[in-house]
Amino acid sequence: MTKTLKTALIQSQLIWENPEANRVHFSKVLQNISSDTDLIVLPEMFNTGFTMHPEHVAKEEGPKTVDWMLQKALETKAALVGSLPFFENGSFTNRLFFIEPDGKTAQYDKRHTFTLAGEDKVYKAGTEKLLVDYKGFKLCPMVCYDLRFPVWSRNIEDYDVLIYVANWPKPRIVAWDTLLKARAIENMAYCVGVNRVGADEMKHEYIGHSAVYDTLGERVAFSEKEEIVYATFSKEHVISTREKLKFLNDRDSFEFKKGL
C-alpha cells in the first residue's frame with residue numbers, strides 16, 4: 001500500500017469552446033509536472049470552459065479529449081482527472097473521467113447540474129457516486145455544484161480523499177472556500193478543490209482559490225494565480241486521525257432512494 005500520494009492541482013485559464021487549443025495548452029503545462037507526481041487534477045470542463053452550448057463543439061471532441069487524457073496519463077505516469085462535455089446516447093453530460101497510467105478508466109456524470117446557469121436543461125444529471133481505489137487510497141471525485149450538497153458527498157464508504165473540479169466564479173468564492181473546508185472536516189478526509197482563473201465568454205471572472213484541506217480542516221495548499229499547486233496526502237494522517245477522533249462512527253445512517 002502506498003503511504004503517500006503526491007497530487008498536482010492545475011489552476012489555469014481555459015480557452016472558450018476550443019478543445020484543440022486547450023489540449024495544446026495543457027500539454028505544455030504537463031511538461032512541467034514533477035516526475036514523482038501520482039495524480040493530476042484538471043478543472044471542470046477543462047477542454048471548453050463552462051459552456052451551456054456544447055453543440056458549438058463537434059461531438060467527437062469528447063472522445064478525442066479522453067484519448068488525450070489516456071496519452072498524458074501514460075506519458076506522465078500519473079492518473080488524470082477532470083470533466084468535459086460528453087455526448088452519448090442522444091444526450092450531453094458533464095462527465096468526469098479518472099484515467100490511470102495503465103489506461104484503466106472510470107467516469108462520473110455530475111449529479112447536481114447548475115440550475116442557475118440552466119445546466120439542467122442542457123446536460124443530463126448523473127445518478128451514481130464514483131469511488132476509485134488508486135495506489136492504496138480511496139478517492140471520491142465530484143464536480144463543482146456538487147460541493148453545495150453534503151448528503152451526496154457524505155463519507156459512508158470510508159474514502160480518503162474527496163475531489164472537486166470546478167468553474168467557480170469570483171462573486172461566490174467565499175462559499176467555495178468555506179464549503180471545501182467543511183467537506184474535509186465533516187468527512188474526515190482530505191478535500192481537494194481545483195478551480196480555474198481568468199474570464200470566460202459570459203463575462204464571468206474566476207480567481208482560482210484551488211486548495212487542499214486535511215482531515216481536520218487545516219489548509220495545506222492554496223493558490224490565487226495560474227500555476228501548478230502540489231500537495232501530498234498521507235495515509236497515516238487519515239488513519240491516525242480517525243483512530244484518535246472516532247467521529248465517523250457516530251455518523252447518521254441513511255440510504256439514497258433509487259434514481260438519486
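The values are calculated or read from the model by the stated rules, or taken from the named source; none is laboratory data. All values reported here derive from a predicted model rather than from experimental measurement. Here the Cβ positions follow ideal geometry from the backbone for every residue, glycine too, while neighbour counts run over all protein chains shown.
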Legend entry - Selected residue (criterion: surrounded by the most Cβ atoms within 10 Å (Cβ to Cβ)) from residues of segment 74-129 that are out of contact with any strand residue (DSSP E or B) (no Cβ under 8 Å at 6 or more places or on another chain) and in a helix (DSSP H, G or I): ALA117
Inset, instruction - Please specify each residue of segment 170-188 satisfying the condition of being touching a helix residue (DSSP H, G or I) at 6+ places or on another chain (Cβ under 9 Å), over 14 Å from ARG219 (Cβ atoms) and surrounded by fewer than 21 Cβ atoms within 10 Å (Cβ to Cβ). - result: ALA175, GLU186
Inset, instruction - Enumerate the strands (runs of 3 or more DSSP E) found wholly within segment 189-232, keeping only those where 1 or more residues are surrounded by fewer than 20 Cβ atoms within 10 Å (Cβ to Cβ). - result: 197-199, 205-207, 219-223
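Quick check: is even one residue across segment 29-39 closer than 19 Å to PRO85 by Cα, of a type outside the set (Val, Ile, Thr) and buried (at least 24 other Cβ atoms within 10 Å of the Cβ)?
Scanning segment 29-39, I find no residue that is closer than 19 Å to PRO85 by Cα, of a type outside the set (Val, Ile, Thr) and buried (at least 24 other Cβ atoms within 10 Å of the Cβ), so the answer is no.
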Legend entry - Conditions (1) assigned to a strand (DSSP E or B); (2) in contact (Cβ under 8 Å) with a residue 12 or more places away in the chain; number of the one not met by LEU147: (1)
Inset, instruction - Within segment 20-60, count every residue that is part of a helix (DSSP H, G or I), out of contact with any Leu (no Cβ under 8 Å at 6 or more places or on another chain) and either at pLDDT below 95 or of a type outside the set (Gly, Ala, Ser) (or both). - result: 10
Inset, instruction - Confirm whether LYS64 is within 25 Å of GLY136 (Cα to Cα), touching a helix residue (DSSP H, G or I) at 6+ places or on another chain (Cβ under 9 Å) and modelled with pLDDT of 95 or more. - result: no
Inset, instruction - Identify, by number, the condition in (1) assigned to a strand (DSSP E or B); (2) more than 20 Å from the chain's Cα centre (by Cα) that ILE239 doesn't meet. - result: (1)
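Which one of these is β-branched (Val, Ile, Thr) and within 20 Å of HIS112 (Cβ to Cβ): THR232, THR241, THR178, THR215?
That would be THR178, the only listed residue that is β-branched (Val, Ile, Thr) and within 20 Å of HIS112 (Cβ to Cβ).
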Inset, instruction - Report, ordered by the first and then the second residue, all pairs with beta carbons closer than 6 Å, sequence separation of six or more or different chains, a first member in segment 161-178 that is within 18 Å of THR232 (Cα to Cα), and a second member that is charged (D, E, K, R) and surrounded by 23 or more Cβ atoms within 10 Å (Cβ to Cβ). - result: LEU162/ARG183; VAL165/GLU44
Inset, instruction - Would you check which residues across segment 208-223 are among the polar types (S, T, N, Q) and more than 14 Å from the chain's Cα centre (by Cα) and list them? - result: THR215, SER223
Legend entry - Residue list for segment 198-223, filter: among the acidic types (Asp, Glu), more than 13 Å from ILE185 (Cβ to Cβ) and without any contact (Cβ under 8 Å) to a residue 12 or more places away in the chain: none
Inset, instruction - Spot the failing condition for SER253; the list is (1) modelled with pLDDT under 95; (2) among the small types (Gly, Ala, Ser); (3) in a strand (DSSP E or B), and only one is missed. - result: (3)
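Here is a yes/no grid of residues against (1) out of contact with any helix residue (DSSP H, G or I) (no Cβ under 6 Å at 6 or more places or on another chain); (2) at negative phi; (3) touching a residue at least 12 places away in the same chain (Cβ under 8 Å):
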| residue | (1), (2), (3) |
| --- | --- |
| THR37 | yes, yes, yes |
| GLU44 | no, yes, yes |
| ASN47 | no, yes, yes |
| GLU60 | yes, yes, no |
| TRP68 | no, yes, yes |
| PHE86 | no, yes, yes |
Legend entry - Among the candidates LYS225, LYS235, residue that is of a type in the set (D, E, K, R) and touching a Lys or Arg at 6+ places or on another chain (Cβ under 7 Å): LYS235
